[in-house]
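To start, the structure under review is shown below, and the notes come after it.
A short reminder: the numbers here are calculations on the coordinates, not readings from a lab. These numbers come from a predicted model, not from an experiment. Neighbour counts are summed over all protein chains in view; Cβ atoms, including those assigned to glycine, are modelled from backbone coordinates with ideal geometry.
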Amino acid sequence: MKKRFLFFISLLIQCHLFSQSYYKYWIQFTDKNNSPYSVGKPSVYLSTRAIQRRTKYNIPIKINDLPPNPAYIDSVVSKGVKLLNRSRWFNAISIDAVSASDTAAAMTKIRALPFVKSSKFVTIISPGQNKNDFIEVINTRSPMQRNSIDSAAFDSASNNQRHMIGIDCLNNTGFRGKGKRIAQIDARFGIANKLPAFDSLYNRSGILGTWDFVWEDTNVYDDTNNADYHGQMVLSCMAGNLPGQFLGDAVDADFYLLRTEDIQSEYQIEDDNWTSGAEYADSAGADVITSSLGYTTFDDPNTNYTYADMNGKVAVASRAATIAVEKGMVVCVAAGNLGSSPWRYVSSPGDADSILTVGAVDANENYAPFSSTGPTSDGRLKPDVGAQGENTALASPGGGVTYGSGTSFATPLIAGAAACLWQADTNANCVQVMQAIRESASQYTQPDSLLGYGIPDFCLARTILTALTGITKNKVITNLNKVYPDPFSDNITVSFFSSTVQNVNVRMFNTLGQIVNQKEWKVAGGGNTLISLGGMQNLPAGVYIVVLTDETGSVFTSKVVK
């Protein structure tokens, strides 16, 4: 059974055919020797914005940033195949050739090349229909009333899903993603460029780029009879705007629309396409990647993943997602919709380390049983957080508002909110942004395999992020051993273990980022020290953040409630 995760439950399947058989392979090279590219001249292969991101967050240019050697690529193509995609991070390319006999002969020659490390069959596209059956979509939106951002939309169909994660708090104070760039890796985007819900996005030229990694062109839209609307509906969670009816949570952000999924078939090339999409996002200078795709089994059962493979280190897309974080991007990926199936667990790339894997809840904040669960096969917590993915309000292909279910829709809610959070504190790095989101969540101190740390509160996350960036300067953030009682009325006690005698600083912040209590304390070495903060009977009820900093600069935090 296919485990394709265009993560909404009622997916309209389009039935296109193809004119010839295409046999596609992933070719990995041994090295990048004698390359015309160098780490000293990144402007040749990275955008100015991508370089600025690396500079700002002290991310070095590495060998894996260099594109594959063009001489190697030319040698492969000369064997009678067509170049599809390139991978900088994995020093690889994907290729195709027509007919089995032509492919077999070409691959024999390619494998004999001294700089070819490995080759992997990734798909065959069956005979039948011409690519031209995908009708080119031209932006012909009718001259209707254009949408501006309208505060009335906050009391709309999307209000519950927005308020649930506290993004309305950020939006109402002007943080709607402006200046942040989100790369959406998805299937096709339906008629997004024609719908009123996206007028404000297209009118301000908020779509910065598009690319179809399946067909290798810029048209990511689809207005065929059985059109693929998945990408369009996911996009609406972030960028949709129908005044008085619907509002996405990052309506001022800019977007790259990247199609990597072919819903006609399921082969590992889509894992490779996903990797190319993530590299595109990096090189273009995106801040956030959101993707509601996932992979477990394929049309070729010999290439199926097993649960043991869901450790973040096997699937190419999972490894790429981890690298994307290393390159400075926030990465949000859907957990999947297999929670009630025999598979049950998260899929690739949702098993990746360091990213935000997103599960689904219903309108009442209860776990949605279809949402895939953790842990990963190597025992890591997944998903990381949850958002409304059951009966999520979406911009309808028909022009109004509709509803859909799946972790597909929970994921962009978190991604859009992450862009707004990052806009609120541009000094933060991607790791700090994701850490603040986790720490703000409803069950941060008691995570589980259904929703991870729970449902984030982005209003609180802003306070946490302000505290982290104000005192940590890229230090690792760790949870405090124990803070009690929780909830408290007057006093709290912080239990802190230290291996050495040292002075520590304990501060308590409210949700406005203001320090409401603090204390310097000398802790004993080789055991736990109890640190008391009192005199807080007059503090208003609410959520507070306790931050302890030791002499090494290490930072420990905990959330408490009064």
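Using only Cα coordinates, the Kirkwood hydrodynamic radius of region 196-334 works out to 16.2 Å. Listed by Cβ neighbour count within 10 Å, with the fewest neighbours leading, 237, 420, 459 appear as 459, 420, 237.
Taking the Cα centre of the chain as origin, work out the dipole magnitude from +1 charges on Lys and Arg Cβ and -1 charges on Asp and Glu Cβ, in debye rounded to 20. Can you show the working numbers first?
Numbers: 47 positive and 50 negative charges, 283 e Å.
Computed about the Cα centre, the dipole is about 1360 debye.
The stretch between residue 63 and residue 536 holds 164.9 nm of extra length on full extension. This uses 0.36 nm per residue minus the Cα-Cα distance. Using the Karplus relation 6.51 cos²θ - 1.76 cosθ + 1.60 with θ = phi - 60°, the per-residue 3J(HN,Hα) values for region 181-192 come to 10, 10, 9, 9, 9, 7, 7, 6, 10, x, 10, 4 Hz, with x marking Gly and Pro. Take the Cβ atoms of residue 35 and residue 307, set R0 to 41 Å, and the FRET efficiency comes out at 0.60. If you take the Cα centroid of region 17-81 and the Cα centroid of region 151-209, the two points sit 32 Å apart.
Which whole-number percent is the relative contact order of the chain (Cα, under 8 Å, 6+ apart)? List each step's numbers first, then the result.
Values: 1436 pairs, mean separation 77.5, N = 562.
14 percent.
Using a Förster distance of 51 angstrom, determine the FRET efficiency expected from the C-beta separation of residue 204 and residue 499, and round it to 0.05.
Values: r = 54 Å, r/R0 = 1.07.
With R0 = 51 Å, the Cβ-Cβ based efficiency is 0.40.
Each of 38, 156 has some number of other Cβ atoms within 10 Å of its Cβ, and from fewest to most they run 38, 156.
Taking 0.36 nm per residue of separation and subtracting the current Cα-Cα distance, fully stretching the chain between residue 362 and residue 120 would add 83.1 nm.
Find the centroid of the Cα atoms in region 237-276 and in region 212-231, then give the distance between the two in whole Å. Region 237-276 and region 212-231 have Cα centres spaced 11 Å from each other.
Annotation for region 184-217: trypsin sites (Lys or Arg not before Pro) lying in DSSP loop with at most 15 further Cβ atoms inside 10 Å of their Cβ are 204.
Fewest-first ordering of 548, 258 by other beta carbons within 10 Å of each residue's beta carbon gives 548, 258. When the chain is described by a simple charge dipole with +1 on each Lys and Arg Cβ and -1 on each Asp and Glu Cβ, the residue from 250, 42, 429 located farthest towards its positive end is 42.
Rounded to whole Å, the principal axis extents of the Cα atoms in the chain read 80, 56, 46, largest first. Amide H contacts for residue 122 (H built 1.01 Å from N in the peptide plane; partners 5 or more residues away or on another chain; cut-off under 5 Å): 24, 25, 26.
Here's how it looks for residue 166: its modeled amide H is under 5 Å from those of 458, which are all 5 or more places away or on a different chain. Computed from label points 7 Å out along Cα-Cβ, the spacing between residue 403 and residue 44 is 5.6 nm. Projecting the Cα atoms of 202, 276, 233 onto the charge dipole of region 151-471 (Cβ charges, centred on the Cα centre) puts 202 farthest toward the positive pole.
Shown in residue order for region 202-209 are the 3J(HN,Hα) couplings computed by the Karplus curve 6.51 cos²θ - 1.76 cosθ + 1.60 at θ = phi - 60°: 6, 5, 9, 6, x, 8, 8, x Hz (x for Gly and Pro).
Listed values for region 363-373 are Karplus-derived 3J(HN,Hα) couplings in whole Hz (6.51 cos²θ - 1.76 cosθ + 1.60, θ = phi - 60°), namely 5, 9, 6, 9, 3, 7, x, 6, 5, 5, 10, and x replaces Gly and Pro.
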